[in-house]
Amino acid sequence: MQEKTCCFIGHRTIDATEELKRKLTETIEKLITEEKVDTFLFGSKSEFNTLCLELVTAIKEKYPVIKRIYIRAEYPVIDESYKEYLLKFYEESYFPEKLIGAGKAVYIERNLEMVDKSRFCVFYYNCNKTPSARKSGTKFALDYAEKQNKKVLLFN
């Protein structure tokens with residue numbers, strides 16, 4: 001799975017310019033056509049995730065073989081109605097077992113799971129948006145991806 005997988009991780013709020021959308025679309029298409037990526041992992045709680053899901057969904061019309069997978073950081077067990085709702089946007093969703101009991105670190109742990117499952121990691125990171133009191137979750141995941149020798153594609 002890892003060789004053909006890409007995750008998206010970024011800040012809760014972003015400046016979603018037309019230029020950013022264009023560059024992300026080009027990057028996603030290159031990943032599909034040149035690197036043979038066929039699986040994209042998404043989290044939640046960020047405008048960057050939402051934007052990337054929209055772009056991948058639009059590109060999916062041209063490349064219907066690609067899969068969108070939502071990695072939940074909430075709701076280890078979901079009922080059929082929520083599952084049906086998620087499957088309107090994604091081909092699959094799961095809750096990583098290692099997140100059980102993660103407490104406040106659940107989103108950090110979820111992001112690390114996404115990095116672990118991916119060869120390519122697309123980040124939206126802007127040091128000016130980083131909280132002053134602590135290291136941002138995005139920065140933590142970015143540092144982790146670099147240490148794991150992932151192919152990091154950085155937008156800011």
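The values are calculated or read from the model by the stated rules, or taken from the named source; none is laboratory data. Since the structure is predicted, the reported quantities are computational estimates derived from the model, not experimental observations. Here Cβ is always computed from backbone atoms with ideal geometry, including for glycine, and neighbour counts include all displayed protein chains. Accessible surface is based on the protein model in full, side chains and every heavy atom, while ligands, DNA and RNA are left aside. Shrake-Rupley method; radii C 1.70, N 1.55, O 1.52, S 1.80 Å.
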Checklist line | Which numbered condition K30 misses (of (1) surrounded by 16 or more Cβ atoms within 10 Å (Cβ to Cβ); (2) more than 16 Å from the chain's Cα centre (by Cα)) | finding: (1)
Item checked: Residue count for the range 33-67, restricted to those that are touching a helix residue (DSSP H, G or I) at 6+ places or on another chain (Cβ under 7 Å), surrounded by 19 or more Cβ atoms within 10 Å (Cβ to Cβ) and aromatic (F, W, Y) -> 2
Checklist line | Breaking point among (1) at positive phi; (2) of a type outside the set (S, T, Y); (3) part of a helix (DSSP H, G or I), for L31 | finding: (1)
Next item on the list: Within the range 14-27, work out how many residues are surrounded by 12 or more Cβ atoms within 10 Å (Cβ to Cβ) and either in a loop (DSSP other than H, G, I, E, B) or in contact (Cβ under 8 Å) with a residue 40 or more places away in the chain (or both).
Entry: 7
Checklist line | Members of the range 71-106 found to be in contact with a helix residue (DSSP H, G or I) (Cβ under 6 Å, 6 or more places away or on another chain) and within 23 Å of K139 (Cα to Cα), listed by number | finding: I71, A73, P96, L99, A102, V106
Checklist line | Filter result for E3 (part of a helix (DSSP H, G or I), over 20 Å from R110 (Cα atoms) and over 12 Å from the mean Cα position of the chain (by Cα)) | finding: no
Notebook entry, point to check: Does the range 68-88 contain at least one residue that is within 13 Å of the chain's Cα centre (by Cα), open to solvent by 70 Å² or more (accessible area, probe 1.4 Å) and over 21 Å from E3 (Cα atoms)?
Noted result: no
